[in-house]
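Colleague: Mind looking over this structure? Questions follow.
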Amino acid sequence: MKQKEIALLGKIAAGMTHELKNVLAIINESAGLVSDICAHSGKDFQHMDKVERAVGSIQRQIEKGADITTKFNTFAHSMDSESGQVTANEVVEQVVFLMQRFAQQKQIELVSKPMRKDKGFTTRPVRLLLTLCTCVDFYLSGLAGAKRITLSPAKSREGISFDISIDKASAREAGGPTAFSELPQMKDTLSCLNADIRPLKSEGQPGLKLVLFV
């Protein structure tokens with residue numbers, strides 16, 4: 001897919017998130033109106049407690065929906081240009097957001113461990129996000145439940161690295177990064193990102209390290 005097509009796809013997705021935010025705003029106003037009517041009705045209003053609980057539930061879901069649309073909007077804007085400035089923590093948080101549902105479906109915990117001092121760098125944002133999502137999906141497809149996948153960025157002598165470590169799993173069960181890096185579609189992607197995939201250095205710790213030479 002060419003960059004112009006990717007940018008158009010991102011533009012469409014971003015437009016949809018704005019429309020969803022408008023819908024949520026209207027629902028929020030309506031829930032607030034119902035709450036105000038109940039408050040002014042006082043004790044004369046029957047089933048006040050049930051209505052208040054329902055309104056509270058609606059407002060919590062509105063907050064959840066707003067958070068989801070905001071995060072997806074960020075992902076959509078990662079397609080705006082081929083190259084752009086991102087931060088390491090922002091990247092792992094986006095990957096966890098995008099892949100969380102698929103992890104939950106397999107009862108696998110997917111978490112991020114951000115850097116204490118975040119690091120900004122220039123890369124191809126959508127390519128990087130999709131590469132890390134592909135790495136996570138690679139492990140999700142081979143793992144049973146009751147496991148944890150942790151994404152953690154770090155500075156390295158070569159640039160920025162993203163560790164994907166698998167807890168509560170054997171190296172054999174998790175599979176190896178060598179087989180993953182040899183997938184045909186990954187060679188061009190790694191070259192495009194100026195990156196490399198390596199096994200984690202920790203002995204007995206399944207997972208891989210994506211190193212960006214920045």
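Colleague: Provide a single number: the residues in region 84-100 that are surrounded by 19 or more Cβ atoms within 10 Å (Cβ to Cβ) and among the small types (Gly, Ala, Ser).
Modeller: Final tally of qualifying residues: 1.
Colleague: Determine, yes or no, whether Arg101 is assigned to a loop (DSSP other than H, G, I, E, B) and without any contact (Cβ under 8 Å) to a residue 24 or more places away in the chain. First the steps, then the outcome.
Modeller: Values: assigned to a loop (DSSP other than H, G, I, E, B): no; without any contact (Cβ under 8 Å) to a residue 24 or more places away in the chain: yes.
No; evaluated as a whole, the condition is false for this residue.
Colleague: If you don't mind, another one. Got a number for residues in region 107-156 being among the aromatic types (Phe, Trp, Tyr), assigned to a helix (DSSP H, G or I) and surrounded by fewer than 22 Cβ atoms within 10 Å (Cβ to Cβ)?
Modeller: Residues of region 107-156 that are among the aromatic types (Phe, Trp, Tyr), as a first pass: 121, 138-139.
Applying the additional criterion that residues be assigned to a helix (DSSP H, G or I) yields 138-139.
With surrounded by fewer than 22 Cβ atoms within 10 Å (Cβ to Cβ) added as a condition, the list becomes 138.
Residues that pass the stated criteria total 1.
Colleague: Additional query: In contact with a Phe, Trp or Tyr (Cβ under 9 Å, 6 or more places away or on another chain) and closer than 30 Å to Lys2 by Cα, is that true of Gln100? Break it down into steps so the answer makes sense when it comes.
Modeller: Numbers: in contact with a Phe, Trp or Tyr (Cβ under 9 Å, 6 or more places away or on another chain): no; closer than 30 Å to Lys2 by Cα: yes.
So Gln100 does not fit the description; no.
Colleague: Of these, Met16, Met99, Met48, which one is within 20 Å of Val136 (Cα to Cα) and of a type in the set (A, V, I, L, M)? Step through it out loud before you land on a result.
Modeller: Values: Met16 fails: within 20 Å of Val136 (Cα to Cα); Met48 fails: within 20 Å of Val136 (Cα to Cα).
Going through Met16, Met99, Met48 in turn, the sole match is Met99.
Colleague: Check whether at least one residue in region 195-202 is modelled with pLDDT of 70 or more, among the polar types (S, T, N, Q) and surrounded by 13 or more Cβ atoms within 10 Å (Cβ to Cβ), and report yes or no. Write out each step before concluding.
Modeller: Here is the first cut: in region 195-202, the residues modelled with pLDDT of 70 or more are 195-202.
Add one more test, that the residue is among the polar types (S, T, N, Q), and what stays is 202.
Restricting the remaining residues to those that are surrounded by 13 or more Cβ atoms within 10 Å (Cβ to Cβ) gives none.
Looking through region 195-202, none of the residues is modelled with pLDDT of 70 or more, among the polar types (S, T, N, Q) and surrounded by 13 or more Cβ atoms within 10 Å (Cβ to Cβ).
Colleague: Residues in region 80-96: is at least one hydrophobic (A, V, I, L, M, F, W, C), part of a helix (DSSP H, G or I) and more than 30 Å from Asp167 (Cβ to Cβ)? Give the derivation first.
Modeller: Of region 80-96, the ones hydrophobic (A, V, I, L, M, F, W, C) are 86, 88, 91-92, 95-96.
Filter once more, so that each one left must be part of a helix (DSSP H, G or I): 88, 91-92, 95-96.
Checking the rest, the ones that are also more than 30 Å from Asp167 (Cβ to Cβ) come to none.
No - not one qualifying residue is present in region 80-96.
The values are calculated or read from the model by the stated rules, or taken from the named source; none is laboratory data. Here the structure is a predicted model, which is why all the values come from computation and not from measurement. As a convention, Cβ positions derive from the backbone with ideal geometry for all residues, glycine included, and neighbour counts pool all protein chains shown.
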